[in-house]
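The values are calculated or read from the model by the stated rules, or taken from the named source; none is laboratory data. Here the structure is a predicted model, which is why all the values come from computation and not from measurement. Every residue, glycine among them, receives a Cβ derived from its backbone with ideal geometry; neighbour counts consider all protein chains shown. Quick note on the areas: whole protein, heavy atoms, side chains included, nothing else; ligands and nucleic acids left out. Shrake-Rupley method; radii C 1.70, N 1.55, O 1.52, S 1.80 Å.
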Amino acid sequence: MMRRCWNMLWRPTLVRRLMLAQMLMLTVLWSLAVAYVLFEGTGEGSNVTRGVLHAIISVADNLADQPQRQQQSLRAIDEALREEFEMGKVQELAPRILVWRDGTLVYKSPDTPSGIRSAGPEKMEIVYVKGQPWRSRSLAEGATRVTVLELGGPWQFFVTINSRGYYLLPLLISLPFLLLPAWLSIRLAMRPWRKVAQEVAARGPQDLRPLTFKPPHGELAALVDNINALLQRVDASAARERSFIADATHELRTPLAAMRVNVEALQSQAHAPHQQELLDGILNSGNRAARLVGQLLQLTRSEVQAEAGRQPLPQVLDSLLQDRLAALSGLAQAGGIELELQASVSLSVPGQRESLVSLIDNLVENAIKYSPRGSSVTVSLHAERGQAVLHVADQGPGIPPALYARVFDRFFRAPQQLQPGSGLGLAIVASVVQQHGGTIQLHRASGGQGLLVEVRLPLAPSV
């Protein structure tokens, strides 16, 4: 559960990306506004108000005849300003005060840099002392002039306003309140995207019809149009491929049948052993080619039936198994194989009879072909959790577990396979199972020898 929650939090999502973009844009806009304030503040602003300057001038004038009290009062005002900046933890940005009377300096704040001249009345100047910018502003009334010195760079001014919460505090307050509205607005805006995704997810691999949802939004409409165009091209290409395979295999059946008749006729007239051997080889090759053609036709027919979407009818699976095992009993006897059916209940599945016949025949024929003489092939059927479970087990060499997924590919055959084949049998079975909404799995047979094929098909609803 924790890992799932962690993956959900860290998995990239478009909603999260849009929310981050909105928060980033808000931060950028607010930073630009602060930058504008910095620009204006470093040019004209001051942390000391005009009223404080008037108070300093008044103290200096009223106590001009009492120098000691004048110094104490001016120092008290200076310390009060410094305490305000100490509370903000920016003591280095505290203003420095210089007081002149009749051109004589009567008070100077501690740590005031030397070499700064007095600015003109009501005039802000930027001066540099040892490469450090200072803002100098003066106010004069009568014989008294007060000059205020403040660190004048934009960075110092930014630290000043940030220490008082003017930059980060609005962001920290506003961003959490914007997250929920932003999330809701983005979720509402992306509802058409979710509808398209749901329709695509509900499609099967054979359903190449155009998407029915037509969004009016320009960006999404272009995406849906391109998806529909792609589906149309894929459908046309698949139709051409199926048509070619169907036509080619159908045309091949006639010459293969004619070749078989001719070879059998030649066998009755050939007397030399080497001639009989050559004719037997030709006949075996012709039989293999005829089987391949038949399997290709079965595969094409299964795909066509899946696309046609015909209404499936209930098929009694245990009766169908009995019929097909009886039909294949001759093949089993010729190979010395015993067929065994274990079906104690009658089960019906919705589907097409021809496709289910193809499924059973291919599974049983493969089991017979790969089983050694004197062994048995067991076919069992039972119900489990609303599904019909069909097992076909043989005692042959089996298939390595690493190749279980590959053997369902068309024309794939396991390496070191001695029996002849085309690699289409399990591909046909997988196509039929998929057409009927079932699943197929491969396992080792009981005892660790042979192959067990498990097919699960949904049961027909009881009437």
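What the table shows:
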item: ³J(HN,Hα), Karplus 6.51/-1.76/1.60, whole Hz, each residue of the range 172-183, x for Gly, Pro; result: 5, 7, 7, 4, x, 6, 8, 5, 5, x, 5, 4
item: Cα gyration tensor shape for the range 355-463, rounded if a/c is under 1.5, else prolate or oblate; result: prolate
item: Efficiency of FRET from Cβ geometry, V200 and Q342, R₀ 45 Å, rounded to 0.05; result: 0.60
item: Accessible-area composition of the range 168-285, carbon plus sulfur, in percent [1.4 Å probe]; result: 65
item: Stokes-Einstein translational diffusion, the range 237-279 - Kirkwood Rh over all Cα pairs, 1.567 mPa s, 4 °C, in µm²/s; result: 104
item: For L424, residues with placed amide H under 5 Å, excluding near neighbours; result: F411
item: Convex hull volume per residue in cubic angstrom - Cα atoms of the range 355-406; result: 112
item: Cα principal axis extents for the range 170-264, largest first, Å; result: 95, 24, 17
item: Fully extended contour minus Cα-Cα distance, from R406 to S446, at 0.36 nm per residue; result: 12.2 nm
